[in-house]
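Encoded as structure tokens, the structure appears first; notes follow it.
Read-outs: derived from the displayed coordinates by stated rules, not from any lab. This one's a predicted model, so the numbers in the text were calculated from it and none came from an experiment. Backbone-built Cβ (ideal geometry, glycine too); neighbour counts: all protein chains shown.
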Amino acid sequence: MSITVRNLTKFYGHDKAIDDISFDVGTSEILGFLGPNGAGKTTTMKIVTCYMPPTSGSVEIDGYPVATHALEVRKKIGYLPELNPLYHDMNVLDYLTYSARLHGLKGPALTGRLREMVDACGIGSVRHKDIGELSKGFRQRVGLAQAMIHDPDVLILDEPTSGLDPNQIVEIRKLIRRLGRAKTVVLSTHILPEVQATCDRVIIVNEGKIVADGTPEKLQQEFRASDMLSVEIAARVENPMTEIFPVLASLRGVEHVEFQGTSDHVHRFLLHTLKGTDAREQIFRQAVNANWVLLELFREATTLEEVFHKLTMKDEMESDSHRTRS
Amino acid sequence: MSQVMNQYRESLSNAHTIFRKELASYFNSAIAYVVLVVFLAIVGWFHASNVFLANVASLRLMFEIIPAVYLFVVPAITMRLLSEERKSGTIELLVTKPLHDADIVLGKFFAAWALVGAALLPTLIFYGTIAVLGDVDHGPIIGGYLGLFLMGGVYVAIGLFASSLTENQVVAFIIGFVFVFALFMLDKVLFYMPVWLMGVLEYISIDYHFSNITRGVIDTRDIVYFLSVLGLSLYLTVVSLARRKM
């Protein structure tokens, strides 16, 4: 079950919420939709789920255009909207039954599905309670159960872990991974570790535009400006700044060196090297020559956080300067 | 053809699902009981305190009181139907389920109408008591109940429309009240209107048609009036629900 989004644009009045967004999601892929608040994540999801039409552009789910086949599309989609809205005065089973009926389930198929979802989402102990009495973690499980009650091929989850405590977040993530195994999942978030923990692929949006698209690893590589090497050397020297620092700084490919401190004759340095060069071998040989003990030598990876920050902050600064210029 | 029938059946079953859920939520919360008790108390008091004074075995007075009681009871019943869904965001889940907006509107409409109908049932006691006490002309009473039921439907449809306009229940109540009050007052202010407008306004006013029915004359023109105001309000509700699409 694939999702095809082409040239999607949405205006709210004069405000452009999303601007010419195109992407594809393949079958049984878990896609993370990442972006700062107000980037257009929720708007895109609302269009994909047929809540509202785009100003222009198209969305197809498994070949069905959303614009003309809304009912067919809705049957294939399970949706957990932002903030997980629920009827607080209904009890869990009644609510799930209601959702299932609206998806056309009835009779033994309905009870079977109900039992499956209650088990899968771990809400058996609260199934006769009113939703309003539940903790946030349980409510989120009910929201997920509701989204999957009709066994949809596509799951659209808008910030499924927002407002949960760290333990609940881990549990919900596990649940999404487990239940979403055979499904196409799109989940939005502004929490970065979430993407790394759950998603096969990431799309970063900012100000209504896609600014990056790829696996988390690929994005980390692509947006690495320079490589960083962390070096820890044990050596009995008087002053590491005059005896070790210049040696490291003179190595080929090293742009500059940060001294990070000394404790008990162990000296730590951070080397910024040009992209594509590898100074590790040289460091090793130098250490052997000078009779230093190399305690640690590793590449510092760019975190997705840095990629995200770079992509979304840069634009902000640019648009700020546009504003001051005009 | 069979596809059309299938769609029709699906719509019906969706509306029925929503109807059941809404009716259950009236009776699970205090709303239904408060409505039933308050309605019966007010109507009963006005009816009982006058029926012996008038010394006539009729429900005419009750049929005059109930439209006035409806004015605030019905908007109170309908105010939460759509506004609450919008406020809590559940409307987003509801409209992304595989159903038509009209299924939602119809399900909710019939649930509220059923509650209004249920509020009428206990007043049959008064019918019973006057039937014991004196000679009753049954025609006007049957017509009166039919009229009250249809009027309730019209008010519910208008209240539901009001509820679709806002996410604030209090605002929904006030808008609903203003609409039904205007409809109710029209034939009471005819006196102040220019002559050429009178005919039109009289036809639009709900009391004119209601009083025709309570005389025991069930005229299709009056039924058509009730059903068309009801239908128009429901249509406007569907349109208002689709406003998100703009």
Next item on the list: May I ask for log10 I(q)/I(0) of the stretch B:2-245 at q = 0.12, 0.14, 0.16, 0.17 Å⁻¹, from a Debye sum over the Cα atoms as equal point scatterers with solvent left out?
Entry: -0.73, -0.96, -1.18, -1.28
Note to self: Could you compute how fast the stretch A:28-94 diffuses translationally, taking Rh as the Kirkwood radius over C-alpha pairs and applying Stokes-Einstein at 4 °C with viscosity 1.567 mPa s? Give it in µm² per second.
What the structure shows: 93 µm²/s
Item checked: Under 20 Å from A:K106, Cα to Cα: aspartates and glutamates that are on another chain or at least 8 residues apart -> A:E72, A:D94, A:E116, A:D119, A:D151, A:D153, B:E10, B:E22, B:D103
Notebook entry, point to check: Applying the Karplus parametrisation 6.51 cos²θ - 1.76 cosθ + 1.60 with θ = phi - 60° to the phi angles of the stretch A:127-141, what ³J(HN,Hα) value in whole Hz is obtained for each residue in order, glycine and proline being reported as x?
Noted result: 5, 9, 8, 5, 4, x, 8, 7, 6, 4, x, 5, 4, 5, 5
Check: How big is the protein assembly as shown by Rg and Dmax over its Cα atoms, in Å?
Finding: 33.6, 123
Checklist line | Descending principal axes extents, the stretch B:144-242, alpha-carbon based, whole Å | finding: 39, 30, 21
Checklist line | 18 Å Cα cut-off, lysine pairs counted over chain B (separation 8 or more, or different chains) | finding: 6
Item checked: Descending semi-axes in Å of the stretch A:10-129, equivalent ellipsoid built from Cα gyration tensor -> 31, 17, 14
Margin query: Just to check I understand the Karplus step: with θ = phi - 60° and J = 6.51 cos²θ - 1.76 cosθ + 1.60, what whole-Hz values come out for the stretch A:78-83, glycine and proline as x?
Written below: x, 10, 10, x, 4, 6
Margin query: Restricting to DSSP loop positions (anything but H, G, I, E, B) with no more than 13 other Cβ atoms inside 10 Å of their own Cβ, which chymotrypsin sites (Phe, Trp or Tyr not before Pro) remain in the stretch A:69-105?
Written below: none
Item checked: Gap separating the Cα centres of the stretch A:209-281 and the stretch B:1-66, nearest whole Å -> 77 Å
Next item on the list: Please work out the C-alpha center-to-center distance from the stretch B:142-179 to the stretch A:68-145 and express it in whole Å.
Entry: 31 Å
Checklist line | Electrostatic dipole magnitude of the protein assembly as shown [Cβ: Lys, Arg +1; Asp, Glu -1; Cα centre; debye, to 20] | finding: 960 debye
Check: Rg and Dmax of the stretch A:3-222 over Cα atoms: what are they, in angstrom?
Finding: 17.1, 53
Notebook entry, point to check: With the radius of gyration and the Kirkwood radius both derived from the Cα set of the stretch A:99-237, what is their ratio Rg to Rh?
Noted result: 1.14
Note to self: Angle check, please: helix A:92-102 long axis (alpha carbons) against the longest principal axis of chain A (alpha carbons), in degrees 0 to 90, nearest 10.
What the structure shows: 70 degrees
Next item on the list: Assuming 1.567 mPa s and 4 °C, estimate D for the stretch A:165-239 with Stokes-Einstein, Rh taken as the Kirkwood radius over Cα pairs, in µm²/s.
Entry: 83 µm²/s
Checklist line | Size of charge dipole - the stretch B:2-245 - debye, nearest 20, with Cβ of Lys, Arg +1 and Asp, Glu -1, no other charges | finding: 580 debye
Note to self: Please list, short to long, the whole-number percent of alpha-carbon pairs of the stretch A:227-300 in consecutive 10 angstrom bins beginning at zero.
What the structure shows: 21, 61, 17, 1
Check: Once the dipole of the stretch B:2-245 is set up with Lys and Arg at +1 and Asp and Glu at -1 on Cβ about the Cα centre, which of B:S205, B:G231, B:L99 lies farthest towards its positive end?
Finding: B:L99
Next item on the list: Calculate the length of the line joining the C-alpha centroid of the stretch B:96-118 to that of the stretch B:221-246, in whole Å.
Entry: 13 Å
Checklist line | Rg(Cα)/(2.2 N^0.38 Å) for the stretch B:62-150, N = residue count | finding: 1.47
Next item on the list: At a temperature of 37 °C and a viscosity of 0.692 mPa s, determine how fast the stretch B:66-109 diffuses translationally according to Stokes-Einstein, using the Kirkwood radius over alpha-carbon pairs as Rh; express D in µm²/s, rounded to the nearest whole number.
Entry: 279 µm²/s
